Amino acid sequence: MGDVYKAHDLRLDRDAAIKILSPELMQNAALAAALSDECERVAALTHPNILGVDRLYRSARHSWLAMEYAAGGDLSLLRGRSCEEVLRVVVPVASALAAAHDAGLVHRDVKPANVLLSVDGTPLLADFGGLMGGSPFSASPQQLDGAPPSVADDMYGLGALLYELL
């Protein structure tokens with residue numbers, strides 16, 4: 001979807017992540033509108049395990065997302081670790097998904113690369129939307145067939161995430 005850069009928010013005096021979105025993606029008006037709507041809905045969520053998103057910004061040349069900076073890498077770092085270590089971070093992700101589902105949001109791309117870790121190891125569910133249809137390994141068969149998004153897709157993705165890590 002784009003490139004991510006570390007930045008420093010001078011107003012709030014903290015690090016942030018800026019995702020510069022590909023121009024090709026943003027040329028599709030329907031996709032850009034869906035992404036903007038999704039960003040607003042995610043920004044409204046308040047859960048300790050959902051990565052904070054500010055909103056979608058646009059200029060004449062660029063479109064970008066401003067979001068919380070997570071310096072600890074992603075869950076792929078935990079591949080092959082003990083069941084206890086994996087569950088310690090995946091259970092909060094399940095809680096984050098439940099909060100999103102309660103708010104009417106389906107993630108659509110639950111995978112290790114979309115769960116970032118803060119410096120203290122707190123897992124943060126990121127990259128809501130799955131606008132490109134999700135990742136082949138973690139997408140449910142229904143999702144791959146083009147069915148409308150559902151909570152079941154996220155449960156399938158969570159199971160695939162556990163399988164991949166364990």
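Hey, what did the chain get for relative contact order, percent, Cα under 8 Å, at least 6 apart? Please report the intermediate quantities before stating the final value.
Values: 286 pairs, mean separation 34.5, N = 166.
Relative contact order here is 21 percent.
Run the numbers on the range 117-165 and let me know its relative contact order in percent, using alpha-carbon pairs under 8 Å that are six or more apart. Before the final figure, lay out each step's value.
Working: 25 pairs, mean separation 13.3, N = 49.
That works out to 27 percent.
Could you please state, rounded to a whole Å, how far the C-alpha centre of the range 99-139 is from the C-alpha centre of the range 45-60?
What the calculation gives is 13 Å, centre to centre.
Taking each pair of distinct Cα atoms in the range 1-151 once, what is the resulting Kirkwood hydrodynamic radius in Å? Don't skip to the answer; put the middle values down first.
Numbers: mean 1/r = 0.0617 Å⁻¹.
For the range 1-151, the Kirkwood estimate is 16.2 Å.
Can you tell me the Rg and the Dmax, both Å, for the Cα atoms in the range 50-117?
When restricted to Cα atoms, the range 50-117 yields Rg and Dmax of 14.6, 49 Å.
Need one number: % antiparallel among DSSP beta bridges in the chain, to the nearest 5. All intermediate terms of the calculation are to be shown ahead of the outcome.
Numbers: 22 of 23 bridges.
Once the DSSP bridges in the chain are tallied, antiparallel ones form about 95 percent.
What does the accessible area of residue 106 come to, in Å² to the nearest 10, when a probe of 1.4 Å is used?
20 Å²
Run the quick spin-label model on residue 41 and residue 3: label points 7 Å from Cα toward the beta carbon, then report their separation in nm to one decimal.
Label at residue 41, label at residue 3, 3.1 nm between them.
Excluding residue 93 itself, calculate the net charge of residues whose Cβ lies under 14 Å from the Cβ of residue 93, where each Lys or Arg counts +1 and each Asp or Glu counts -1. Don't jump to the answer; show the numbers that get you there.
On the way: positive: 88, 111; negative: 74, 85, 109, 127, 154, 164.
Net local charge, residue 93 excluded: -4.
Rounded to the nearest 10 Å², what accessible area does residue 135 have for a 1.4 Å probe in the complete protein model?
The accessible area of residue 135 comes to roughly 20 Å².
The values are calculated or read from the model by the stated rules, or taken from the named source; none is laboratory data. Being a predicted model, the structure only gives us computed values, none of them experimental. Don't worry about glycine lacking a Cβ; one is built from the backbone with ideal geometry, like all the others, and counts go over all protein chains shown. Remember, those area values only see protein heavy atoms, side chains included, never the ligands or the DNA or RNA. Shrake-Rupley method; radii C 1.70, N 1.55, O 1.52, S 1.80 Å.
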